[in-house]
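Peer 1: One structure is given below, represented as structure tokens, and several questions about it will come after.
The values are calculated or read from the model by the stated rules, or taken from the named source; none is laboratory data. On a predicted model such as this, the values are computed, not experimentally measured, just so you know. Heads up, the Cβs are rebuilt from the backbone with ideal geometry, glycines too, and the neighbour counts pull from every protein chain shown.
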């Protein structure tokens, strides 16, 4: 009997020893978890506090939650509870640590991507080319001996002088320069054989091709000079959480990064009133006939002002509409595609069925009329399209607002939080803006501080009448323009002032039903949003 008792005693001792070991390991693990919680919460605040992207109330609340989680974990660790409860508690602590670490790293990556969005270049490169007719015998600068070369002297004369000085070192002394008042005169002289070559800034090539559709096919570049120019900073700082501010959205019909100097195909003023939570969008047709601030306020197409830089477009619009533009965002059309795709598409009530070139202009896509979710490329087709619209450029401006409006609505939804990382990354690749990171974070903090009240969006398009007029950027030629009446201009001035003073602007909103279209004829199947690539316009 004594032996049996002794054996039982040993077993009890071994079991007790095992429980003590488990308790010791558990205590060590709990201490490690507690230290990890403190470290993780500290790291989260180390990342968040300098950004200022969240309201102070949220940060204080988050700190209190962190302290409570830490205290509850410590108290439960000291209480005698079933083993599975302690295991569950430890699993929850590990998950909390993992989520916090992942969140902190995601915020850091988001902040790094934001740096790309707001990083403004200090200079830009401009290319000046020497061109000649493609079928001529001139193939390089050496072939210009005893030839006449045309130089326009009305636009960008400083750069022209610099380029001529650079090129003259390559030319034979027999090369003769002929000055022209504008590009039109120089092109006409080249076509007529009066000169053998001419100098053009590549920034103005699209402008020339707008008038001479065969210019690209008929000419060839035989020499070029690269010039690096400083960028003048355009800023009118304001507290974006307490005051109304206006952003110029300038859309460039290119894929990739928006060029510093390029025609502005979309010109939209977005006035934001943070106190009344109102966003007012005013679209100005690209062909609006306005005094060009960079050409002694001679009348010109608004789109042409982009050739002289964003500051020229801003000054022209400010002068015409008596508005102060605080910021700008220059967007290439490829950024529209990428942003919308990153958002998962946008819901738009397309006002008409139509055909339009694909983004890369290598094919045609067909879009059905009606409410639907558009991909990035489909939305871009809607924003680009004008040829079947009776209102032409005015109708296109309205369609562009439908797209921008849908993007803003999607961006203001709570779903955006899970897509911010990818969204900021694609925006940084294709958008140029002078809005600072601090202003973006300040506005983000303001936005999330009160999610109970919805934002109001109001859309307006400057109306006008289609016509023809001579443009300062391309004198001697009559181009299609949109003439704005005094009433048209005064209405937009009024709308902006009302937006800044919290007034109701519902009476000025347009309806998509007001967009009048011509007949669209399609061949082949057109089921779904995108049909066969056989449709044409009638």
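Peer 1: Looking at (1) surrounded by 11 or more Cβ atoms within 10 Å (Cβ to Cβ); (2) not in a helix (DSSP H, G or I), which is the one condition that is false for residue 80?
Peer 2: (1)
Peer 1: For the subset of the range 173-204 comprising residues that are touching a residue at least 60 places away in the same chain (Cβ under 8 Å) and in a helix (DSSP H, G or I), which member is surrounded by the fewest Cβ atoms within 10 Å (Cβ to Cβ)? Talk me through it step by step, then tell me what you get.
Peer 2: Initial filter on the range 173-204 (touching a residue at least 60 places away in the same chain (Cβ under 8 Å)): 181-185, 196-204.
Checking which are in a helix (DSSP H, G or I) leaves us with 183-185, 202-204.
Numbers: 183: 27, 184: 20, 185: 19, 202: 15, 203: 23, 204: 20.
Looking at the filtered set, the residue picked out is 202.
Peer 1: Scanning the range 90-106 for residues that are free of Cβ contacts under 8 Å to residues at least 24 places away in the same chain and within 28 Å of the chain's Cα centre (by Cα), which turns out farthest from residue 36 (Cα to Cα)?
Peer 2: Kept after step one, since they are free of Cβ contacts under 8 Å to residues at least 24 places away in the same chain, are these residues of the range 90-106: 91-92, 95, 98-99, 102, 105.
Narrowing the set further to residues that are within 28 Å of the chain's Cα centre (by Cα) leaves 102, 105.
On the way: 102: 14, 105: 16 Å.
Applying the filter and picking the extreme gives 105.
Peer 1: Next question, about the same structure. For the range 222-258, which positions are under 30 Å from residue 134 (Cα atoms) and out of contact with any helix residue (DSSP H, G or I) (no Cβ under 9 Å at 6 or more places or on another chain)?
Peer 2: Listed by number, the residues that qualify are 226, 228.
Peer 1: While we're looking at this one, here's another question. Got at least one residue in the range 345-356 being under 27 Å from residue 437 (Cβ atoms), assigned by TED's automatic domain parsing to the domain that holds residue 494 and under 21 Å from the mean Cα position of the chain (by Cα)? Write out each step before concluding.
Peer 2: The initial filter retains those residues of the range 345-356 that are under 27 Å from residue 437 (Cβ atoms), namely 346.
From the residues that got through so far, the ones that are assigned by TED's automatic domain parsing to the domain that holds residue 494 too are 346.
Pick out the ones that are also under 21 Å from the mean Cα position of the chain (by Cα) and you get 346.
Yes, the range 345-356 contains a residue that is under 27 Å from residue 437 (Cβ atoms), assigned by TED's automatic domain parsing to the domain that holds residue 494 and under 21 Å from the mean Cα position of the chain (by Cα).
Peer 1: Considering only the range 353-368, I want to know if a residue exists there that is crowded, with 20+ Cβ neighbours inside 10 Å and either free of Cβ contacts under 8 Å to residues at least 12 places away in the same chain or closer than 25 Å to residue 271 by Cβ (or both).
Peer 2: no
Peer 1: Here is a further query. Which of the residues that make up the range 140-172 are over 21 Å from residue 208 (Cβ atoms), without any contact (Cβ under 8 Å) to a residue 40 or more places away in the chain and not in a helix (DSSP H, G or I)?
Peer 2: Listed by number, the residues that qualify are 145, 146, 169, 171, 172.
Peer 1: Looking at 66, 62 in this structure, which one is assigned by TED's automatic domain parsing to the domain that holds residue 33, closer than 23 Å to residue 443 by Cβ, surrounded by 12 or more Cβ atoms within 10 Å (Cβ to Cβ) and more than 31 Å from the chain's Cα centre (by Cα)? Working first, answer last.
Peer 2: On the way: 66 fails: closer than 23 Å to residue 443 by Cβ.
So the residue among 66, 62 that is assigned by TED's automatic domain parsing to the domain that holds residue 33, closer than 23 Å to residue 443 by Cβ, surrounded by 12 or more Cβ atoms within 10 Å (Cβ to Cβ) and more than 31 Å from the chain's Cα centre (by Cα) is 62.
Peer 1: Confirm whether residue 122 is touching a strand residue (DSSP E or B) at 6+ places or on another chain (Cβ under 8 Å) and exposed (fewer than 11 other Cβ atoms within 10 Å of the Cβ). Walk me through it before giving the result.
Peer 2: Details: touching a strand residue (DSSP E or B) at 6+ places or on another chain (Cβ under 8 Å): yes; exposed (fewer than 11 other Cβ atoms within 10 Å of the Cβ): yes.
Criteria met by residue 122.
Peer 1: Related question: Testing residue 335 on (1) touching a strand residue (DSSP E or B) at 6+ places or on another chain (Cβ under 7 Å); (2) modelled with pLDDT under 85; (3) under 30 Å from residue 488 (Cα atoms); (4) not in a strand (DSSP E or B), one condition comes back false. Which one is that?
Peer 2: Single failed check for residue 335: (3).
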